[in-house]
Each structure stands twice: as C-alpha cells, then as structure tokens.
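Structure record follows, encoded as structure tokens.
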Amino acid sequence: MPHPEDAPLRSDARRNRDRILEVALVELTRAADVPLSAIAKKAGVGQGTFYRNFPNREALVLEVYRHEVQQVCDAATHLLAVEPPDRALRGWMDRLARYAMTKAGLSAALCKVTTTPGTLVGVSRGPLTAAVTLLLTANEEAGTIRPDVGAEDFLLAIAGLWQLDPHADGPARAGRLLDLVMDGLRAGATGR
C-alpha cells in the first residue's frame, strides 16, 4: 500500500505532515484514545489538512509507527558514516532500545487500530533487517564481530528490548542487555 509520503509534497505540506507525526507520537504515547482533533489542534493544522494526510486513526497510528521505524533504520547509515563499525553498531543498538521503549508507550494505540495479524511486522521487518544487515556486514568486514551472525539471529538476540518497562529500570537494563549482546558478537571476531 503506498504511503502518503511517496508523492512529492510542497515544503509547507511536508512541515505540516511532519508536525502532525511529531505531536501524534507524544499524544498517542500518553493516551491511545486521544481525539484526533486534539492532535490536529496541537500540531497547529486544520481538520482538512489533518484528514488529507491521515484519513483515519489507523492511518495515523501506523504512519507514526512506520516513521519511527524509518528513523531508527536511517540512523544505521549515519552512524556508520561517523563512527567505526563496532561503535556504530553499539550506538545503533542504543537507538533501537530507545525506540523499543517508545513503542511500548504506543502499544495501546497500535493494539486498538491493528486487527490484521502481521501488520506491524510488515511495516518494520524489512527496514530493520536491512539496517541490521548493513551494520553487521560493516563489522564483519572490519573483523570486529564474529562472521556467522545474520540479521535474524541478531534480532532474536535483542528481542528482550521489547519487554522492558520504559518507566522503571528499562534504560539501565537495556544497556546491560546490549553490552552482553556486543560481548557475544565480539567473541570469535577475526580482528583484522
């Protein structure tokens, strides 16, 4: 299904759309049933502009989710451009952990609008797998991680991130969990 961002938008229309997504992330994290009119008002756009971009709650919630996933995935390329591969991978893992805890705040909204099994996986699986593959390949080529780890194995190893409570000790536990994963990835590295 094509996304509204596939069509080129004027700069003001793009700003409006981005502002709606920014406000929606905050508001939907607070309350899954926040009125769409409240999101439009806080974003500073009229109802027509809002509904032209997001015709219903499901479209908005899924786009907030897709937008967040894409930002996490885009961070992989950026980090590899400015950091050595192993530091880029660890930094990306931290970014993914923050995302996982943000997603926990959106979970009620996501559950309310996604009744089709696999919808969320369909939105996130491809981009996340591509980002992980990019990072793992760069690390394998640098000899900083073991050569036999694929994207699916990596994603399974960090699956516990989605179980962490973002309001309790989640950030500290995420750091410990990710340090353990990095230690495991480094075991058997060729160290070129």
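How about the stretch 19-49: which of its residues are open to solvent by 40 Å² or more (accessible area, probe 1.4 Å) and either assigned to a helix (DSSP H, G or I) or within 16 Å of residue 67 (Cβ to Cβ) (or both)? 19, 22, 26, 29, 30, 37, 41, 42, 47, 48 - these are the residues of the stretch 19-49 that are open to solvent by 40 Å² or more (accessible area, probe 1.4 Å) and either assigned to a helix (DSSP H, G or I) or within 16 Å of residue 67 (Cβ to Cβ) (or both). The residue that is modelled with the lowest pLDDT, counting only those in the stretch 12-40 that are of a type in the set (Val, Ile, Thr) and under 18 Å from the mean Cα position of the chain (by Cα), is 29.
Per this entry, residue 94 is counted among residues that are part of a helix (DSSP H, G or I), in contact (Cβ under 8 Å) with a residue 60 or more places away in the chain, among the charged types (D, E, K, R) and out of contact with any Lys or Arg (no Cβ under 7 Å at 6 or more places or on another chain). Report, by residue number, each residue of the stretch 25-54 that is out of contact with any Leu (no Cβ under 9 Å at 6 or more places or on another chain) and β-branched (Val, Ile, Thr). Those that are out of contact with any Leu (no Cβ under 9 Å at 6 or more places or on another chain) and β-branched (Val, Ile, Thr): 26, 45, 49. For the stretch 76-91, a residue qualifies if it is touching a residue at least 24 places away in the same chain (Cβ under 8 Å) and open to solvent by less than 30 Å² (accessible area, probe 1.4 Å), and the qualifying residues are 76, 88, 89.
When the stretch 1-11 is limited to residues that are assigned to a helix (DSSP H, G or I) and open to solvent by 50 Å² or more (accessible area, probe 1.4 Å), the one that is modelled with the highest pLDDT turns out to be 11. Could you give every pair whose Cβ atoms fall below 9 Å, whose first residue belongs to the stretch 30-58 and is over 30 Å from residue 167 (Cα atoms), and whose second residue is open to solvent by 20 Å² or more (accessible area, probe 1.4 Å) and among the basic types (Lys, Arg), counting only separations of at least 6 or pairs across chains? So the pair list comes out as 45/19.
Looking only at residues in the stretch 146-192 that are closer than 21 Å to residue 80 by Cα, in contact (Cβ under 8 Å) with a residue 60 or more places away in the chain and aliphatic (A, V, I, L, M), the one that is surrounded by the most Cβ atoms within 10 Å (Cβ to Cβ) is 185. Of all residues in the stretch 149-165, those being under 15 Å from residue 180 (Cα atoms) and assigned to a helix (DSSP H, G or I) number 8. Here the condition is being over 19 Å from the mean Cα position of the chain (by Cα), in a helix (DSSP H, G or I) and of a type outside the set (Val, Ile, Thr); of 176, 146, it holds for 176 alone.
The values are calculated or read from the model by the stated rules, or taken from the named source; none is laboratory data. These numbers come from a predicted model, not from an experiment. Please note: Cβ atoms are built from the backbone with ideal geometry, for glycine as well, and neighbour counts cover all protein chains shown. These area figures cover heavy atoms from the full protein model, side chains too; ligands, DNA and RNA do not enter into them. Shrake-Rupley method; radii C 1.70, N 1.55, O 1.52, S 1.80 Å.
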